[in-house]
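S.K.: Quick one: the structure is below, questions incoming.
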Amino acid sequence: MATVQLVPLTPMSQDGKRVEYERLTMFTRDLYDAGIRVFLPAAGTGEFHSLSAKEVVQCVEATKAGVGPDAVVIAPVGFGLAHALEIGRGAIENEADGLLVMPPVHPYLCDEGVRDYLLALAKELPLPMLAYKKGPAPSDALLLELCKSGKLAGVKYGENNLDAAAKLIKAVGDAAIVSCGIAERYAAYFHLAGAVGYTSGAGNLCPRLTLAMHGALVRSDYAEATRLLSILRPIEDYRARAGDSFNISMLKAAMKATGRDFGPARLPQRPITANEQREIEALVEPILAQEGKLAI
């Protein structure tokens, strides 16, 4: 996990009703050829919350078909316990390497309930399991408890609270791995705190640029990492607009500039207007040019 962990976009038909799995296989093959080795198909940026359990499992299967034997494919699980178990068992059948428990979206959450939920998943699903932290439950104290007891292999820390993340990273030590779950803009700061891997959505457009940025961080070449982030940052800044509501839709719109049309993001994700489409394609054009230079 101490690398770029890419969440592939999920290609859809133009009406958004059908996932196009063959295109996902071809896409992940290209990402693998570009150097990506950790994949989280159908996770947040892959529209987990708009996919059925069967669709999530089939995205895992399609991704496994596209990547090499040294790739790590982590399947997202979540929602109700039965739903999570259905995905988890399907992911195991398709030889997933691990599970990412998505942030709970239920009302009236507490650590006691989330603890039992995570323990039930760990008991029933014999794969390394990571928790995605993006809210008060599970608390950092519960995450530390489960990491220390061996129930969690790691945490995707998806909150912009570096001080809390740094404390958790120090407390967890070698018991598990904590990675930056809020992508390139925060990756350098998390890296200094000990989270040496990060998740990426921008890597769908420019995998080589984000891998180069990660490589610079590993070398402690922060000037180069900052330079590369300045190239990538317009993507992340656009995705963060309007309360992060462009997170998925912007990337899907930008894919058209690469010659790939991944269809629309499923509702209730934000639709893209014609003006926004033109703006996004113009924004990513120079970034894609820089990515192309690294591909030579």
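All of the numbers you see were taken from the coordinates with simple rules; none came from a lab. Just so we're clear, the structure is a prediction, and the values are computed from it rather than from any experiment. We place every Cβ from the backbone using ideal geometry, glycine too, and count neighbours over all the protein chains shown.
S.K.: Name the shape class, rounded, prolate or oblate, that the alpha-carbon gyration tensor gives for segment 39-148, where a ≥ b ≥ c are the square roots of its eigenvalues, rounded holds for a/c under 1.5, and otherwise prolate holds if a/b is larger than b/c and oblate otherwise.
M.R.: prolate
S.K.: P(r) tail for the chain, what percent of Cα pairs lie past 36 Å?
M.R.: Here the tail beyond 36 Å accounts for 10 percent of pairs.
S.K.: Need one number: % antiparallel among DSSP beta bridges in the chain, to the nearest 5.
M.R.: Antiparallel bridges make up about 5 percent of those DSSP assigns within the chain.
S.K.: Under a GNM of the chain (C-alpha, springs under 10 Å), which listed residue has the highest mean-square fluctuation: Val19, Val105, Val73?
M.R.: Highest fluctuation of the listed residues: Val105.
S.K.: Just in segment 51-150: which GluC sites (Glu not before Pro) are loop by DSSP and have at most 16 other Cβ atoms within 10 Å?
M.R.: Glu95
S.K.: Continuing with this model, one more query. Please state the shape class of segment 1-49: rounded when a/c is under 1.5, otherwise prolate if a/b exceeds b/c and oblate if not, all from the C-alpha gyration tensor.
M.R.: Oblate is the answer for segment 1-49, as a/c is 1.5 or above yet b/c matches or exceeds a/b.
S.K.: While we're looking at this one, here's another question. List, in the order given, every pair from Lys17/Lys252; Lys54/Lys151; Lys156/Lys256 whose Cα-Cα distance in the structure shown is over 24 Å.
M.R.: Lys54/Lys151; Lys156/Lys256
S.K.: What number comes out for the charge environment of Ala240, summing +1 per Lys or Arg and -1 per Asp or Glu over other residues with Cβ under 12 Å away?
M.R.: That works out to 0.
S.K.: Tally Lys/Arg at +1 and Asp/Glu at -1 over every other residue whose Cβ is under 15 Å from the Cβ of Ala225; what's the total?
M.R.: Summing Lys/Arg as +1 and Asp/Glu as -1 gives +1.
S.K.: Between segment 225-296 and segment 31-61, what's the alpha-carbon centroid distance in Å?
M.R.: 18 Å
S.K.: Then there's this: Under a GNM of the chain (C-alpha, springs under 10 Å), which listed residue has the highest mean-square fluctuation: Asp15, Asp111, Asp261?
M.R.: Sorting by GNM fluctuation, first place goes to Asp15.
S.K.: So what is the relative contact order for the chain, in percent, with contacts set as C-alpha pairs under 8 Å and at least six apart?
M.R.: Value for the chain: 18 percent.
S.K.: Next up: Which residue fluctuates the most in the chain, going by a Gaussian network model with Cα springs under 10 Å, if the choices are Gly243, Gly263, Gly201?
M.R.: Gly243
S.K.: Provide the net charge surrounding Val67, with neighbours chosen by a C-beta distance below 12 Å and charges set as Lys +1, Arg +1, Asp -1, Glu -1.
M.R.: Surrounding charge for Val67 is -3.
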